[in-house]
Amino acid sequence: LGTLWVRLGQPEKAEKQFLEILRIDPDNARAYQNLGVLQARRGDFQAALQNYRRSLAIDPGNESVKEAISGLTRRLELNEKNSP
């Protein structure tokens, strides 16, 4: 249902759905991943990174999460380098 809200352009409702899934099933790697995607899209990179790492801890073979972590890490490093 969360991904449906994303497709319908309702990220706030999607986030609530993913959080509800995690309340019921705290080991749901996909919900952590999807929550990270939403957070990254709105620019909350630290929170996204944290949720991607939670997802990866549950599902260590998830290559798309590994790529997301790598991309966010590079982005954060560039932001730090370019900030005064």
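Only the coordinates and a few stated rules stand behind these numbers; no lab work does. Please read all numbers here as calculations on a predicted model, not as lab measurements. Positions of Cβ are backbone-derived with ideal geometry, glycine not excepted, and every protein chain shown enters the neighbour counts.
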Can you tell me how many residues in the range 17-50 are farther than 25 Å from T73 by Cα and either among the hydrophobic types (A, V, I, L, M, F, W, C) or surrounded by fewer than 14 Cβ atoms within 10 Å (Cβ to Cβ) (or both)?
-> 5
Looking at (1) surrounded by fewer than 12 Cβ atoms within 10 Å (Cβ to Cβ); (2) touching a Gly at 6+ places or on another chain (Cβ under 9 Å), which is the only condition E80 fails?
-> (2)
Hey, can you tell me all the residues within the range 51-77 that are small (G, A, S) and either surrounded by 10 or more Cβ atoms within 10 Å (Cβ to Cβ) or in contact with a helix residue (DSSP H, G or I) (Cβ under 6 Å, 6 or more places away or on another chain) (or both)?
-> S55, A57, S64, A68, S70, G71
Consider only pairs whose beta carbons are under 7 Å apart and that are at least six residues apart or on different chains; among these, list those whose first residue lies in the range 35-52 and is in contact (Cβ under 8 Å) with a residue 12 or more places away in the chain and whose second residue is in a helix (DSSP H, G or I) and hydroxyl-bearing (S, T, Y).
-> G36/Y52; G36/S55; N51/Y32
